[in-house]
Each structure stands twice: as structure tokens, then as C-alpha cells.
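What follows is one structure encoded as C-alpha cells, with my remarks underneath.
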Amino acid sequence: MTAQQRSGRKNKQKPRAKGQLNRSQLITTYGPGAMLDLPDESVLIPGLNHWQRGRKITEPRLIRYLQNHLGLKKLSLHEPPLDDEGDTQTGPGINTLLFPLWFVGLIDETLERDGKTYRTRPLFKHDYLQSGKAHLPPYGKMSVTPLRFVRACENGHLDDIDWYYFLYGAEAKPHRGEQLWLDEGGSGNDLSEVFIRNDDGTRYERLTKATRPDTAILGKCNGAVPWIGYYVQEECNDQQSKLLIRSASNAYFSQKVTSIWLPEQKNPLRDLLRENQAQMSGFNEALFLMVYQQGDIWEEVRKTWSGAQAWAEYQSLTNAAPSPERPSLKDEEFAAFADGPMEIGGLYPTETKPTDDHRFHARKRRLDNLPDWLTSRVKNITLVHRLTEVVAQIGFTRFKPDMPEINGQYKRRPKNTPTLTDPEPITWLPAIENQGEGVFLEFCPDAIEAWLQQEGTQKRTESLKRGFALWKDRNDAGERQFPGAAFYMLHSLAHLLITAVSVSCGYSATALKERIYALPEKRGYGILIYTWSSASEGTLGGLIEVARRFEDSLRYARTLGELCSNDPVCAMHDPQSREEERYLSGAACHGCLLISETCCEQYNNMLDRALVVPTVECRDAAFFDLDDR
């Protein structure tokens, strides 16, 4: 039975619109369920059941994590498809859906109400349009534009607003079919000056009525998922619908998982298991061991791996249950950066060239000339000549972002996978592969741990903890735990470094990204700053050259953090302030730490420059002292 049949209504075909997007935008900004404004129409990006698969992306570590996290036995990653013309830079061939289905007539009319002048325009449902035009006597034919107001719930469901119910409430039935009007005062941006009214003006309501926290004027959520198909619905836990402006920044937050591709050690047993995984699907231990001990294809690997070892390897490939023993994505990446070989001669070592597909190549630089103030704090600086970032979308939220844990992974499964109510199980997810270069900065764990024990650091940490607790009380944060002062410090320093490095590396600040490694259980602390591009522009070498004198960038980053243009207000911010409601940050604002959200792992949260350098308000909690120059 299809999702449409379960909803009790047929999925009628509606007109479709075509536009162009960069493929990476379909992972980060305009994934399944996102609303998109085109020059002439507003559309909805459909679910994966409406997509064609693009090029397959190979990233075994990420696939294993996603299988475990989503409870899937089979999964592959694919890029969004290319368009019909095969243009590698612009949008995929995906059939988008028109949304919303309410439109505003474009006429030049005004009315007076309570001494104010309002621009007034008629509302039309899509069914009323003919060839994209509306007809209303005495105005005749007129062009229309999509209405910018829709309704949604915190579970991600989305639907048109029932404007008759908005205006008449429970008495709406006899009034359905009447002509409704949209009245806007001023520029139309103040919702208190936006009204919905009936034709004769005897009934009207301000749109601000729909913004009240306790309002029921938009009705209960009906579980609509129009990106899967018109009239498709699923159950919703009695959520009240909320007003949503379709072009607002909180209309869509993509839930993404990122990994850095790492070369896998050759493992003949694992390769053979992968080749035969489909044939062995569902095997229990007894059946697996029987096949392993008797099958001719296993003869060579039996010489090295016992049956028990082969069964454990098979479970690691197919196990759909989360495994706490398995290292996180960041654990493995940190080990690859921290344990890499030393650079020879300043360029690619002649005896060790980059991997054949040029996906990963990293070497440590020598630290002979580091200044004293860094020698005790920095353990390694690794030049990442080549890296490949793989980003997969696993879901989305509306109104508020769902931030990953500090290990880069999610504890909870997403509420909205890109296919959502599609009756078929998920077998693939959209992903994008970015090429780049970077610099990895590893800190001495002894220096971090000694700093964490200082009285000033602990006092500042308690303040941040209380702010985190307030944020958690006001948000559906699940079992998320306070990430610790080390993460706040590393994260804040990464933002300062992105600003500092962008001055001299040849890349803009928006072309740089961060990856924070705060792994206290493994005594691992580090920052990866890297470029990201789906083409070759991310590997031009500018960041590597800056990394060879990275101490200069660190010194400049410290200077940037010491004084903010918004001080002393910025430095005096209290994470517990109920007036500002910025519970996840200390001394951080657009004048000092905030950067483009596409570059930040945590949507510009969990920042405090007072943990990096002394500020005008807090002098005793910084990892770097003013005397260390």
C-alpha cells in the first residue's frame, strides 16, 4: 500500500516548475522538504522518491555509521543528479512541486482603515488559476505571486494555511468560496500591519494573531508532507501549527553528517565479505560459520582469520545496532592526523606520493622555530595537502536547528529523513564530495588539562554550564550533555583562526570550514581548518603555505580575540541572561567570533573568547596569557 493510499486521498498531479541550483545546495540549504523561490514561482524540493540517483560516493566509514544510526542493513550515498544538459555546476534534474497553493493577485488597489492606508490584493487558490492567471471582476485577468505565509509544526510537517478557518474559525464552512483579501500597511514587513479580510470588509484579522504562543487560529497539524506528494499525510503528535514565512531563515535546517575520507588498510577478508554481503544477508552465526568453513572462496582468508574473527568482521559490516565500542568518525580522523608521518623537504615526499585518487595526503611539519608561548601548548601542526570531505544529509528540522554532538554524530535519529513517509525502506541518501586542503593543529593534552584545573577556568565553566542547562530546559535537547570548556575554547579559537587565516591564504573566510576534536577520553585535542569545494578550487595551496608559518596566524588570532568592537557589552554577556536568551555562548558576537553558519559545526553556538584570551571582563580563564607573546 502506498503512502497516498494510506492517507485516504489520491495524489493528484499538479503543475511543476523547473529551476537551477548548485548540487551542494541540495545537501546544505535546499534538500528534500525545503521551499525555494524561483524568479516566477515558489516550489518545494521533493523527497528522494522523486529523485534520480547521481554518481555514487564511496566512504565506508560514513556509510557504516549511517547504517548503525538509522538502523539500515543496506545503504549507499549518491550525489544529486545532473540536469539534462549535463552541466556539472548547475542544478539537478529534479521535478519540483509548486508550493504554496495560495496566491496573491497583483493589482494596484488601496483602502483606508482607522486612518491608515493599506495596499489590498485578492487571494486565490491554485484551482482558480487558468494558465497562471487569475480573473476577478471588475479587474479582469491579473498576474499572481505565491503567498509568503504557510504553516508548519516542529515535527517538520508543512501545509497551506486554511485562511477561511483563520478568519472565521469553527464557522468557516458556510463562507468557503468567498473572496478573501490581503491588506498590508507600510512595507508589509510588520505583521501587525498585515490583515486577512473578507470581501466586504466586515471581518478581518491581524496576522500577528497567528504568532502568539498559545494560539489555535492555524489549527492542529494534519501531518502533511507535500514533498512526498500532495495530500500525503502522516501522524503528528497533536502539534499545534505555527506561522512560517516560506523564505525565512528558520524554514529549513538540514541535518548533515560530515566525515573526512581516510584510506583504509587493505583487508582481504573485509573485501571478500563485501563482495558476498548480499548473498549472505540475514545469516545467523551458525549458518555463517558453516559457509565460511566449507566455501572454496574463503580458503585463502581462512589461513589468516579464524571463524570467530570472520564472524566479528561480518557483524561490523552488517550490524544495524549502535555499537558503543566502535570509534566515532572524529576518533579515527584525529588518529590519522596525529599519527601521520613527518614531512620531508617541505613538499610531497618523493617516496610517498598522494593516494592514487588524490583523496587524502597529510604530513606533519617541523616545529623547530615555534615561539616559547606555543611550544608548551602545541604538540603538532599537520599540513593536509589533500583531503576529501563527504557530507550526507540524513534529515531536516524547521524553526530550530538540531546540532550534532561534539563528536560530529547524532544520538537521536532524525524526525524527518529525506524520504519520510515513503513506504519503501531507505536504500540511499544524498551526499556531496568536496575536495580541499587544510591544516591540523594538535594541542598538548597536559597543557589543556592543566588549564582546565585553574580556578578562573572552572568558574567560567560553571557559568557556561548553567547557560547550557537553561538552553536544554527550553529545547528538545534529549540526553545532550555539556560539551566541556575545552570544546568551547577550541571552537572559539577555530573561529578566530578562520578570520586570521583568510587574510593571507587566498581563500575568503566563507571558503574555510572547521572541524573540532575535543576527545578527553582519548586525551586528544585539535582543530582542523580546511577548504571545501566540489571542484579543484579548494586545492590551490594557499592554506598549506600559511600553515608553514602558522604561528603568525595564531598570534594574529589572539590579537583579534582580545578586543571586540562591541566591548564591553560583548565581554560582559552572561550565558544565563534570560533577556538575551543566548544561553550557549559567552563573550561572542558578530564583532568578534561569529562567522558564516556554513563554516561552523554548531551554528555559531558554544563560543566564548574569554576562554582563549583575556577580555576586558574576564582576565583569568584564558588558555593563552597576555604575557605570552
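The values are calculated or read from the model by the stated rules, or taken from the named source; none is laboratory data. These numbers were taken from a predicted model, which means no experiment stands behind them. Positions of Cβ are backbone-derived with ideal geometry, glycine not excepted, and every protein chain shown enters the neighbour counts. Calculation scope for accessible area: heavy atoms of the full protein, side chains included, ligands and nucleic acids excluded. Shrake-Rupley method; radii C 1.70, N 1.55, O 1.52, S 1.80 Å.
Couple of notes before you dig in:
- Fraction of accessible area attributable to carbon and sulfur, region 182-307 (%, probe 1.4 Å): 46 percent
- Debye, to nearest 20: dipole size of the chain, +1 on Lys, Arg Cβ, -1 on Asp, Glu Cβ: 1120 debye
- Enclosing the Cα atoms of region 138-293 in their convex hull gives a volume equal to 256 cubic angstrom per residue.
- Average Cα contact separation per residue, region 588-629, under 8 Å, 6 or more apart, as relative contact order %: 25 percent
- For the set Lys364/Lys522; Lys133/Lys242; Lys116/Lys141; Lys125/Lys242, the pairs lying more than 25 angstrom apart at their alpha carbons are Lys133/Lys242; Lys116/Lys141.
- Each residue of region 293-310 was assigned a 3J(HN,Hα) from its phi angle through the Karplus curve 6.51 cos²θ - 1.76 cosθ + 1.60 (θ = phi - 60°); the sequence is 6, 9, x, 5, 5, 9, 4, 5, 6, 5, 5, 10, 10, 6, x, 5, 5, 5 Hz, with glycine and proline shown as x.
- Lys73 paired with Glu579, simple spin-label distance in nm, labels 7 Å along Cα-to-beta-carbon: 6.0 nm
- Apportionment of accessible area to carbon and sulfur, region 423-563, percent (1.4 Å): 50 percent
- Computed extension length for Asp368-Ala286: 23.8 nm, one decimal, from 0.36 nm per residue of separation with the Cα-Cα distance subtracted.
- Accessible-area order (highest first, 1.4 angstrom probe) of the listed residues Leu180, Leu452, Leu563: Leu563, Leu452, Leu180
- Amide H contacts for Cys570 (H built 1.01 Å from N in the peptide plane; partners 5 or more residues away or on another chain; cut-off under 5 Å): none found.
- Adding -39500 (n - 2.57) for every DSSP H run of four residues or longer, then dividing by how many residues the chain holds, sets the calculated 222 nm ellipticity at -6500 deg cm²/dmol.
- From the coordinates of this entry, Rg and Dmax of the Cα atoms in Å is computed, and it appears in [x] 29.8, 97; [y] 27.9, 92; [z] 29.6, 93 under the label [y].
- In the full protein context, the chain carries 46 Å² of accessible surface per residue, based on a 1.4 Å probe and ignoring ligands, DNA and RNA.
- The string of couplings for region 446-459 from the Karplus curve (6.51, -1.76, 1.60, θ = phi - 60°) is 4, 5, 5, 5, 5, 5, 5, 8, 5, 4, x, 5, 5, 5 Hz, one whole number per residue in order, with x for Gly and Pro.
- Rg/Rh for region 92-151, where both radii come from Cα atoms and Rh is the Kirkwood radius: 1.08
- Here the contact order of region 415-517, divided by its residue count and restricted to Cα pairs under 8 Å and six or more residues apart, works out to 18 percent.
- Site pair Asn566 and His590 shows an inter-label distance of 0.8 nm when each label is modelled 7 Å from Cα along Cα→Cβ.
- For region 272-283, 3J(HN,Hα) per residue [Karplus equation, 6.51 cos²θ - 1.76 cosθ + 1.60, θ = phi - 60°, Hz, x = Gly/Pro]: 5, 5, 5, 4, 10, 4, 5, 5, 9, 4, x, 5
- Its relative contact order, with pairs defined as Cα atoms under 8 Å and 6+ residues apart, puts the chain at 13 percent.
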